[in-house]
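Worksheet: the structure to be examined is printed underneath.
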Amino acid sequence: MTKTLGYLKPYGGTVVLGLALKFVGAVAELFLPLLLEWIIDDVAANPLLSDSDKLKWTLVLGGLMLVCAVLALVGNIIANRLTVKSSGRMTHDLRYDLFRKTCYLDSKQVDGFGVPSLISRLTSDSYYVNQMVARTLRLGVRAPILITGGLILAFTQDVILACVLLACVPLVGITIFLITKRSIPIYFEVQRKQDVMVRRTQENVTGVRVIKALSKSEYEVEKFEDVTRDLAATEFKANKLMSLSNPLATLILNLGLVVLIVVGAVCGNTPGTVLAFLQFFVIILNAMIALSKIFVVISRGSASASRIESVLEADTEEKVGNFPDGDASKKIEFRGVSFSYNGVENNLRNLNFSLYSGQTLGIIGATGSGKSTVINLLMRFYDVGEGQIFVDGKDVRNYPIAELRRKFGVAFQNDFLMAASVKENVDYGRNLSEEQINKAVDCAQAREFVDGLDGGLEFDLAQKANNLSGGQKQRLLIARALAASPEILILDDSSSALDYATDAALRKALAREYASSTKVIVAQRISSVRHADLILVLDDGDVIGAGKHEDLIDSCAEYALIYSTQMGAEREGA
Ligand SMILES: Nc1ncnc2c1ncn2[C@@H]1O[C@H](COP(=O)(O)OP(=O)(O)OP(=O)(O)O)[C@@H](O)[C@H]1O
Ligand SMILES: [Mg+2]
């Protein structure tokens, strides 16, 4: 929590000014009952004063009451504005840092937190922290001042009546405390259920097509209704409990008032004093109810703050290692590489291969066989469990990450495009020249369809490029990977939506225009990789075949089987 609260530091001046104004407002509010008492007891009921003096003093004290009321009002309004300002800016800074940090988390850390959880930390959790800070600044100072100040002033007026008041305060306090304490876990439950609702909403929005395609809209609506009903029921439970606090506190107050009036009558107190005490009661009661609400937001906010801090404190320090070098004449080399995502069973086992600059590696294998994992390790999204991976003869763990990643141009499997123009998507903030962009668009076989778009390269893509076809998206992703003429080009299942002719034209253009780039091509189709200098056939994390196409046809039964199946399918499709 300290780290989160540290974000208020730059706005210390605003916070202090706000609190000072709150203080002035609270003190001014406390003087109202006193002034009222003076008017009733010392002016109106004073037989020693003439009628004109009574009028004069009533006006003076009434004027003072007006000043106090205005001070309390203005002080509160300005203080609240300052509070909103400082808590809002603090939340902005916190969210900014959290987002930044999230961008620098490595893949393992992202897996650990989970993407939906990272989203809710950035959205609802930072909102709860904002609520905690804003409410605490607004009420956290005012309420204690009103309670202690009210008690002190009450004691200066009448010790016996003040004792009645003092006896009521802990009673009200304990009642509110017990109710709030029971409601806090229910509020946490509400928080968790809100997360579930957000997750469901996200799933439904992103999966809207599948849901429609499978005619599952009604089913999803029913499931969503279950989630919201559950959330509403929990919220109802929490609010039902909290709604007890006001009537119970008022009941105690009214009982206290009866005692106060009886004691006042027995002790011969004036109506003004009793009226002033009535006001003290109301002020203190409201302050205690406000404190109970702060209690809830602090509990909720501090849980959110610790969820945010666990991300902020994640170690994203770049670790540049000092592992032994490999063969500098090779562009890429995997030496005895094994890796496991969960640390239990290996997803890749003893992988060995090397490529010279400008060569092409093809990786083929069934779903889940480890093809994308090879790329994840090569680009160092994860560190190897055993063995070493070298790029230009240097272990990938010895590179500063930015230097290593600069070598790559990559189109990931199911990659994303931004809601921006075609050109901005291909350039992706790298300030590439027109020439580079056009060359990449041509080579990726995207020219024809890009020219057909309204505005060509300036055509704006919808969110997730929903206004493009699957094959068009893939071509733009390939263009983006190519645009900076990378040393190593990685295409992970990037031509699966291209027809055979376009795929073949792409391969030819790659060989011609980007001859010096070393290429790693993951594919399901043998035709996409058959011209590669080396093809790896993966099966459940093991290499079951390695070599050129012609060799594999003879040496790897699985490869030969895939080939014959695909050739058959191709012939049938032709
Ligand atoms: N982030 C991850 N956390 C845990 N396990 C993972 C993760 N990513 C992949 N795996 C597991 O590792 C194995 C290899 O996955 P990988 O993504 O490399 O397969 P693939 O060959 O690329 O499959 P596909 O053809 O479907 O893309 C699979 O069993 C998969 O479940
Ligand atoms: Mg994959």
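The values are calculated or read from the model by the stated rules, or taken from the named source; none is laboratory data. Just so you know, these numbers come straight off a predicted model, no measurement behind them. When we count neighbours, we look across all protein chains shown, and the Cβ atoms used for this are built from the backbone with ideal geometry, even at glycine.
What's the number of the only condition in (1) assigned by TED's automatic domain parsing to the domain that holds Asn46; (2) within 13 Å of ligand 1 (Cβ to nearest atom) that Ala265 fails to meet?
Against the list (1) assigned by TED's automatic domain parsing to the domain that holds Asn46; (2) within 13 Å of ligand 1 (Cβ to nearest atom), Ala265 comes up short only on (2).
Please go through region 265-297 and give me each residue that is among the β-branched types (Val, Ile, Thr) and not in a helix (DSSP H, G or I), ordered by number.
Thr270
Restricting to region 516-528, and then to whatever is farther than 17 Å from Gln445 by Cβ and modelled with pLDDT of 90 or more, can you tell me which residue is surrounded by the fewest Cβ atoms within 10 Å (Cβ to Cβ)?
Ser516
Based on what the data block shows, is Val296 closer than 30 Å to Arg121 by Cα and crowded, with 17+ Cβ neighbours inside 10 Å?
Yes.
Check Gly264, Gly268 and return the single one that is of a type in the set (Gly, Ala, Ser), surrounded by fewer than 16 Cβ atoms within 10 Å (Cβ to Cβ) and over 49 Å from the mean Cα position of the chain (by Cα).
Gly268
What are the pairs with Cβ atoms under 7 angstrom where one residue, in region 474-492, is surrounded by 23 or more Cβ atoms within 10 Å (Cβ to Cβ) and the other, located anywhere, is assigned to a helix (DSSP H, G or I) and among the polar types (S, T, N, Q)? Sequence gap at least six, or different chains.
Note: pairs meeting the criteria are Leu476/Asn425; Arg480/Asn425; Ala483/Gln436; Asp492/Ser372.
With respect to Leu71, determine if the residue is of a type outside the set (Val, Ile, Thr) and modelled with pLDDT under 90.
no
Please determine, by comparing only the residues of region 389-430 that are in contact with a helix residue (DSSP H, G or I) (Cβ under 7 Å, 6 or more places away or on another chain) and in a loop (DSSP other than H, G, I, E, B), which one is farthest from Leu510 (Cα to Cα).
Ala419
Mind checking which residues of region 391-420 are more than 16 Å from ligand 2 (Cβ to nearest atom) and aliphatic (A, V, I, L, M)?
Scanning region 391-420 gives Val391, Val396, Ile401, Ala402, Leu404, Leu417, Met418, Ala419, Ala420.
Run Gln474 past the list (1) more than 21 Å from Glu333 (Cβ to Cβ); (2) touching a strand residue (DSSP E or B) at 6+ places or on another chain (Cβ under 8 Å); (3) outside any helix (DSSP H, G or I) and report the number of the one that doesn't hold.
Tallying (1) more than 21 Å from Glu333 (Cβ to Cβ); (2) touching a strand residue (DSSP E or B) at 6+ places or on another chain (Cβ under 8 Å); (3) outside any helix (DSSP H, G or I), Gln474 fails exactly one: (3).
Here is a yes/no grid of residues against (1) of a type outside the set (Gly, Ala, Ser); (2) free of Cβ contacts under 8 Å to residues at least 12 places away in the same chain; (3) surrounded by 15 or more Cβ atoms within 10 Å (Cβ to Cβ); (4) over 30 Å from Met242 (Cα atoms):
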{"residue": "Ser302", "(1), (2), (3), (4)": "no, no, yes, no"}
{"residue": "Ile308", "(1), (2), (3), (4)": "yes, no, yes, no"}
{"residue": "Gly321", "(1), (2), (3), (4)": "no, no, no, yes"}
{"residue": "Asp327", "(1), (2), (3), (4)": "yes, no, no, yes"}
{"residue": "Ser340", "(1), (2), (3), (4)": "no, no, yes, yes"}
{"residue": "Glu345", "(1), (2), (3), (4)": "yes, yes, no, yes"}
{"residue": "Leu348", "(1), (2), (3), (4)": "yes, no, yes, yes"}
{"residue": "Leu351", "(1), (2), (3), (4)": "yes, no, yes, yes"}
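A quick yes/no check of all residues on (1) of a type in the set (D, E, K, R); (2) more than 16 Å from ligand 1 (Cβ to nearest atom):
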residue	(1), (2)
Arg447	yes, yes
Lys473	yes, yes
Leu476	no, yes
Ala481	no, yes
Ile490	no, no
Arg512	yes, yes
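Is it the case that region 359-367 has a residue that's away from ligand 1 (no atom under 16 Å from the Cβ), in contact (Cβ under 8 Å) with a residue 40 or more places away in the chain and either assigned to a loop (DSSP other than H, G, I, E, B) or surrounded by 14 or more Cβ atoms within 10 Å (Cβ to Cβ) (or both)?
Yes, region 359-367 contains at least one residue that is away from ligand 1 (no atom under 16 Å from the Cβ), in contact (Cβ under 8 Å) with a residue 40 or more places away in the chain and either assigned to a loop (DSSP other than H, G, I, E, B) or surrounded by 14 or more Cβ atoms within 10 Å (Cβ to Cβ) (or both).
Based on what the data block shows, is Thr14 closer than 30 Å to Thr373 by Cβ, hydroxyl-bearing (Ser, Thr, Tyr) and either in contact with a Leu (Cβ under 7 Å, 6 or more places away or on another chain) or not assigned by TED's automatic domain parsing to the domain that holds Val141 (or both)?
no
Looking only at region 361-396, which residues are more than 19 Å from Ile535 (Cα to Cα) and basic (Lys, Arg)?
Within region 361-396, Arg380, Lys394 qualify.
Give the number of residues within region 514-532 that are within 16 Å of ligand 1 (Cβ to nearest atom) and not in a loop (DSSP other than H, G, I, E, B).
Total satisfying the criteria: 6.
Of the conditions (1) away from ligand 2 (no atom under 16 Å from the Cβ); (2) within 32 Å of the chain's Cα centre (by Cα); (3) modelled with pLDDT of 95 or more, Val344 satisfies every one except a single condition; which number is it?
(3)
Hey, among the residues in region 474-501 that are over 32 Å from the mean Cα position of the chain (by Cα) and within 14 Å of ligand 2 (Cβ to nearest atom), which one's farthest from Glu435 (Cα to Cα)?
Residue satisfying both the conditions and the ranking: Ser496.
Based on what the data block shows, is Glu558 assigned by TED's automatic domain parsing to the domain that holds Leu361, assigned to a helix (DSSP H, G or I), over 21 Å from Phe390 (Cα atoms) and within 16 Å of ligand 1 (Cβ to nearest atom)?
Judged against the criteria, Glu558 is a match.
Please give the number of the condition Lys181 fails out of (1) in contact (Cβ under 8 Å) with a residue 60 or more places away in the chain; (2) in the same structural domain as Ser245 (by TED's automatic domain parsing).
(1)
For region 356-377, how many residues are of a type in the set (Gly, Ala, Ser) and within 11 Å of ligand 2 (Cβ to nearest atom)?
Matching residues across region 356-377 total 6.
What single numbered condition from (1) more than 16 Å from ligand 1 (Cβ to nearest atom); (2) part of a helix (DSSP H, G or I); (3) over 43 Å from the mean Cα position of the chain (by Cα) fails to hold for Leu506?
Result: Leu506 passes all but (3).
Any idea which of (1) touching a residue at least 24 places away in the same chain (Cβ under 8 Å); (2) farther than 30 Å from Asn431 by Cα; (3) within 16 Å of ligand 1 (Cβ to nearest atom) is the one Tyr563 doesn't satisfy?
Among (1) touching a residue at least 24 places away in the same chain (Cβ under 8 Å); (2) farther than 30 Å from Asn431 by Cα; (3) within 16 Å of ligand 1 (Cβ to nearest atom), Tyr563 violates only (3).
Can you pull out every residue in region 317-356 that is assigned to a strand (DSSP E or B), out of contact with any Phe, Trp or Tyr (no Cβ under 7 Å at 6 or more places or on another chain) and within 16 Å of ligand 1 (Cβ to nearest atom)?
Val337, Ser338, Arg349, Asn350
Tell me, which residue of region 368-388 that is among the small types (Gly, Ala, Ser) and assigned to a loop (DSSP other than H, G, I, E, B) is surrounded by the fewest Cβ atoms within 10 Å (Cβ to Cβ)?
Once the filter is applied, the top-ranked residue is Gly368.
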